[in-house]
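Quick notes on the structure that follows.
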Amino acid sequence: MSNLFDELNVEDVYDTPAGQQRINNLIVKFEAKFGEQPNFLVRAPGRVNLIGEHVDYCGFPVLPIAIQQDVVIAGRTDETDRKLTVSNADSSFPEYSCNIRDVQVKEVKWYSYVLAGYLGISQRINTLPPGLQVMVDGTVPMSAGLSSSSALVCASALMAALFLKEKSLTRECIAEVCAKAERYVGTEGGGMDQAISFLGVKGKAQLINFNPVRCEPVSLPDSVTFVVANCMVNKWKADGTDFNNRVAECRLAADVLATKLGLDWEKVQKLQPLMVARDMTPKELLENVEQHLHSGVYTRDEIVDILKVSDSTFASIIGKSSNEVFRLYDRAVHVAGEAARVAEFRRLCDENPADVQALGRLIDESHDSLKVKYNVSIEELDNLTQICKGAGALGSRLVGAGFGGCTISMVPKEIVDQFIFKVWEAYYKPLNVSEEEATSKHLFVTSPYAGACVLKVP
Ligand code: NG1
Ligand code: MG
């Protein structure tokens with residue numbers, strides 16, 4: 001992994017003429033808009049999570065890869081005007097401008113993620129900076145579960161770190177800053193997306209651990225490849241409460257289980273630290289969940305009674321959730337089971353990578369659990385994963401938060417062309433999406449790419 005602030009050549013990061021042309025186009029547009037060349041250029045990628053969904057905010061490791069699709073930001077200091085101006089190379093995204101001292105996230109708009117990344121860094125310093133003009137160019141499909149939002153936050157934070165001369169940050173440290181910063185925009189995510197955007201390496205998946213963020217590279221089996229397929233139902237989770245409701249249910253499940261096990265819930269608060277406190281494996285955690293939590297829903301009164309907390313403490317535990325009842329058992333069964341699957345997936349990659357059938361089964365089980373226990377799948381995602389299985393995938397599941405967006409399938413390399421054709425025929429063709437459009441936008445092979453970097457302005 002390169003040092004975060006090393007300037008890399010555009011040709012070393014983008015090895016196709018189209019990739020390099022895109023950067024040139026951005027610079028031309030930047031000059032046309034702001035009258036001068038940018039003096040900073042940064043990139044941060046989106047991600048595909050191979051396994052470990054909805055467990056990062058419970059403190060458990062995840063296994064994502066960074067992808068080629070990314071956000072690039074060109075920026076320039078403006079000594080004459082203390083304004084922050086955020087524009088987009090795609091002019092259908094409205095421009096935003098404010099005094100550099102008044103940067104705030106007040107609403108959920110595309111540029112809010114840029115403001116969040118900027119704020120995450122600027123809150124660490126005490127000087128009054130000059131103005132900053134930036135132009136964003138993104139290739140991560142939006143609202144598709146590939147983390148376009150975090151790519152934007154991470155690129156913006158990296159730009160701000162350059163601009164504000166905060167160059168002592170490590171990749172791990174800036175990832176943590178970004179995870180906190182993205183919460184200004186609304187969702188209480190766990191930090192996976194920001195971590196892999198900074199810690200991605202070419203050719204390897206990363207097992208990301210939290211608190212503090214750290215990673216271990218994992219080699220993937222040579223005989224398979226990973227294919228992204230978008231179900232084409234957009235999800236827009238920042239304005240919804242679905243995501244934060246799941247986060248709240250997991251916190252409450254940890255608190256209730258801690259109490260049942262005689263631990264101080266205030267010291268635990270998440271399922272992973274609870275597991276560690278009791279020296280359990282994920283499988284033992286699952287057994288404890290099955291033994292000590294009941295199925296169906298818990299009411300607020302029931303939980304208040306178990307935890308012996310005031311209404312205001314309860315409100316602070318559930319944060320941004322709007323739930324009245326809480327499915328603690330199902331959520332915790334998913335989380336503990338998924339944590340066990342991540343550990344097993346990693347073990348197989350290290351010790352028995354030839355057993356791709358077993359890896360595929362773990363991916364399928366992950367989808368099933370997200371559907372049945374976590375209720376974050378939708379009919380289109382279920383249908384698409386089934387089509388992918390029928391077309392020869394060893395395993396297929398939804399990726400990211402769910403409620404729409406993409407699936408990821410693990411496919412034997414030698415059948416990948418037929419696989420893509422069959423999935424197009426069965427899923428996209430009936431929706432009147434041509435093969436060309438499908439394979440250029442919605443259905444593509446992906447492989448582990450490098451994380452965020454600073455680019456040399458050509
Ligand atoms: P998406 O919705 O795909 O960007 C979210 C969270 C992750 C993680 C996944 C589910 C944010 C920024 N990201 O990802 O931290 O919890 O859902 O595994 O909230
Ligand atoms: Mg996101």
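The values are calculated or read from the model by the stated rules, or taken from the named source; none is laboratory data. What you see is a predicted model, and the numbers here were worked out from it, not measured in a lab. Note: ideal-geometry Cβ built from the backbone for every residue, glycine included; neighbour counts use all protein chains shown.
Being in contact with a Gly (Cβ under 7 Å, 6 or more places away or on another chain), crowded, with 23+ Cβ neighbours inside 10 Å and either in a loop (DSSP other than H, G, I, E, B) or without any contact (Cβ under 8 Å) to a residue 24 or more places away in the chain (or both) is a condition met by no residue of region 154-172.
Using the structure shown, decide if L119 is more than 16 Å from ligand 2 (Cβ to nearest atom) and within 13 Å of the chain's Cα centre (by Cα). Can you show your working first?
Working: more than 16 Å from ligand 2 (Cβ to nearest atom): yes; within 13 Å of the chain's Cα centre (by Cα): no.
Criteria not met by L119.
Residues that are outside any loop (DSSP other than H, G, I, E, B), surrounded by fewer than 23 Cβ atoms within 10 Å (Cβ to Cβ) and in contact with a Lys or Arg (Cβ under 6 Å, 6 or more places away or on another chain) occur at least once in region 113-132. Of everything in region 398-436 that is of a type in the set (S, T, Y) and in contact with a helix residue (DSSP H, G or I) (Cβ under 7 Å, 6 or more places away or on another chain), the residue that is nearest to ligand 2 (Cβ to nearest atom) is T407. Based on this model, can you work out whether I317 counts as touching a residue at least 60 places away in the same chain (Cβ under 8 Å) and either surrounded by fewer than 17 Cβ atoms within 10 Å (Cβ to Cβ) or not charged (D, E, K, R) (or both)? In short, yes.
Where strands (runs of 3 or more DSSP E) sit wholly within region 194-292, those with at least 1 residues that are under 16 Å from the mean Cα position of the chain (by Cα) and either small (G, A, S) or within 24 Å of W110 (Cα to Cα) (or both) occupy 205-209, 224-230.
Looking only at region 13-22, residues that are out of contact with any Lys or Arg (no Cβ under 9 Å at 6 or more places or on another chain) and either farther than 18 Å from P448 by Cα or assigned to a helix (DSSP H, G or I) (or both) come to 6 in all. For region 357-388, filtered to residues that are touching a Leu at 6+ places or on another chain (Cβ under 8 Å) and of a type in the set (S, T, Y), the residue that is farthest from G145 (Cα to Cα) is T385. Restricting attention to region 140-151, does a residue exist that is of a type in the set (A, V, I, L, M, F, W, C), modelled with pLDDT of 95 or more and more than 25 Å from V376 (Cβ to Cβ)? Checking region 140-151: not a single residue is of a type in the set (A, V, I, L, M, F, W, C), modelled with pLDDT of 95 or more and more than 25 Å from V376 (Cβ to Cβ). Every condition in (1) within 27 Å of Y14 (Cα to Cα); (2) within 16 Å of ligand 1 (Cβ to nearest atom) is met by A438 except one, and the failing one is (2).
Scanning region 30-84 for residues that are under 13 Å from the mean Cα position of the chain (by Cα), assigned to a strand (DSSP E or B) and among the aliphatic types (A, V, I, L, M) returns A44, V48, L50, I51, V62, L63, I65, A66, I67. Is it the case, given these coordinates, that P458 is modelled with pLDDT under 95, closer than 30 Å to A160 by Cα and away from ligand 1 (no atom under 16 Å from the Cβ)? Taking the combined requirement at face value, the residue satisfies it.
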